[in-house]
Amino acid sequence: MIRLPENVKFIIEKLQDAGFDAYAVGGCVRDVLLGKEPNDWDITTDASPYEVKPLFRRTIDTGIKHGTVTVMLNDENGKYTGYEVTTYRIDGEYEDSRHPKEVTFTKDLKEDLRRRDFTINAMAYNDKTGLVDIFDGRGDLESHIVRAVGDPRERFSEDALRILRAYRFAAQLGFEIEDETAAAASGLKDTLDNISAERIQTEFTKLICSPHPEIMRSE
């Protein structure tokens, strides 16, 4: 069982009490399974943003077109902390190697997990259902592997920044990149030309400041 922070548990249970599904999802689940303290807790739900907003006193429309609102709650120090709550979605066609042209909301958690980058980031959890791990992200965590969800060429074609993210996660965690994922990253590396220098710098800085920067070798 994953121990959820009280505010995260409150948001999930509030959504469940209103008849919706809700889970902690992504990097926070990965980090807890690795015994780390997550920097952020993201929540995914089948409720639309306009169904989420009335349930909480204070929300911010951080990315409402793509299904995201930020729920603001007091933390243990009396300060407001934001928690991103995003509707399950299916991404449409990618035209710029970075952003989907459109998104479609869905009621199916599996469809939402299917669009994510790596298996270790495609897990969800709540206290009622437990761990939802349809791509064996936990197995890849235990094997120290970074593996794309589904077809790696498709994942990297959708968002070229994921190529750097694969190396960054491997460097931060001391993992190996799975062979097909590494081959797709190498084959599509020229698509990084479509990504802004600022976003590349952010990923590259995290990589070179990681415990294993040597993972970024020339191909």
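The condition of being surrounded by 14 or more Cβ atoms within 10 Å (Cβ to Cβ) and touching a strand residue (DSSP E or B) at 6+ places or on another chain (Cβ under 9 Å) does not hold for Ala160. Quick one: would you say Lys14 is in a loop (DSSP other than H, G, I, E, B), open to solvent by 50 Å² or more (accessible area, probe 1.4 Å) and either modelled with pLDDT of 95 or more or farther than 21 Å from Lys110 by Cα (or both)? Answer is no for this residue. Considering the stretch 167-200, and only residues there that are of a type in the set (A, V, I, L, M, F, W, C) and open to solvent by 60 Å² or more (accessible area, probe 1.4 Å), the residue that is modelled with the lowest pLDDT turns out to be Ala197. Here is the figure for the stretch 16-57: residues that are within 15 Å of Gly82 (Cα to Cα) and of a type in the set (Asp, Glu) total 2. Do we have Val85 as surrounded by 18 or more Cβ atoms within 10 Å (Cβ to Cβ) and part of a helix (DSSP H, G or I) here? Against the criterion (surrounded by 18 or more Cβ atoms within 10 Å (Cβ to Cβ) and part of a helix (DSSP H, G or I)), Val85 does not qualify.
The number of residues in the stretch 41-70 that are open to solvent by 30 Å² or more (accessible area, probe 1.4 Å) and not in a loop (DSSP other than H, G, I, E, B) comes to 13.
Residue by residue, here is whether (1) at pLDDT 95 or above; (2) β-branched (Val, Ile, Thr); (3) outside any strand (DSSP E or B) holds:
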{"residue": "Thr104", "(1), (2), (3)": "no, yes, no"}
{"residue": "Lys107", "(1), (2), (3)": "yes, no, yes"}
{"residue": "Asp112", "(1), (2), (3)": "yes, no, yes"}
{"residue": "Ile120", "(1), (2), (3)": "yes, yes, yes"}
{"residue": "Leu141", "(1), (2), (3)": "yes, no, yes"}
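The values are calculated or read from the model by the stated rules, or taken from the named source; none is laboratory data. Worth saying up front: this structure is predicted, and the values here are computed from it rather than measured. Don't worry about glycine lacking a Cβ; one is built from the backbone with ideal geometry, like all the others, and counts go over all protein chains shown. We work out accessible area using only protein heavy atoms, side chains counted, and drop any ligands, DNA or RNA first. Shrake-Rupley method; radii C 1.70, N 1.55, O 1.52, S 1.80 Å.
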